[in-house]
1. Suppose the chain between H22 and A49 were pulled fully straight at 0.36 nm per residue; how much longer would it get relative to their current alpha carbon spacing?
2. Assuming a ≥ b ≥ c are the square roots of the Cα gyration tensor eigenvalues, decide whether region 34-74 counts as rounded (a/c under 1.5), prolate (otherwise, with a/b larger than b/c) or oblate.
3. Sorted by mean Cβ packing within 10 Å, highest first, what order do the peptides 59-67, 19-27 take?
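Derivation of every value follows stated rules applied to the coordinates shown; laboratory data play no part. These numbers come from a predicted model, not from an experiment. So basically every Cβ, Gly included, is an ideal-geometry build from the backbone, and we count neighbours across all protein chains shown.
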Amino acid sequence: MSGYTPASVNAGDRASPGCRCHGRKPAYPSDLTVAEWAVLEGEARAVMAERVAATGRPMVHDLRAALDAIGYVTR
């Protein structure tokens with residue numbers, strides 16, 4: 001998994017101060033593989049785009065890192 005590179009950040013995305021989620025390296029067995037992320041990315045970004053439009057607040061954390069965190073907690 002050393003080839004992990006985060007997907008391009010949306011123009012409105014900005015890293016939260018002190019947050020290191022952008023560009024993080026996978027560290028847990030529950031982290032998404034490159035192939036899994038390739039399958040999920042389009043749908044996950046579409047869902048988040050709907051949520052941002054509905055709430056008005058732009059997402060500041062990397063979406064893949066957030067999904068990795070959810071996977072860690074649920075597994």
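1. Values: separation 27, 0.36 × 27 = 9.72 nm, distance 1.82 nm.
Here the answer is 7.9 nm.
2. Details: a/c = 2.43, a/b = 1.51, b/c = 1.61.
Because a/c hits 1.5 or more and a/b fails to exceed b/c, region 34-74 counts as oblate.
3. Values: 59-67: 18.1, 19-27: 13.2.
Packing order, densest peptide first, comes out as 59-67, 19-27.
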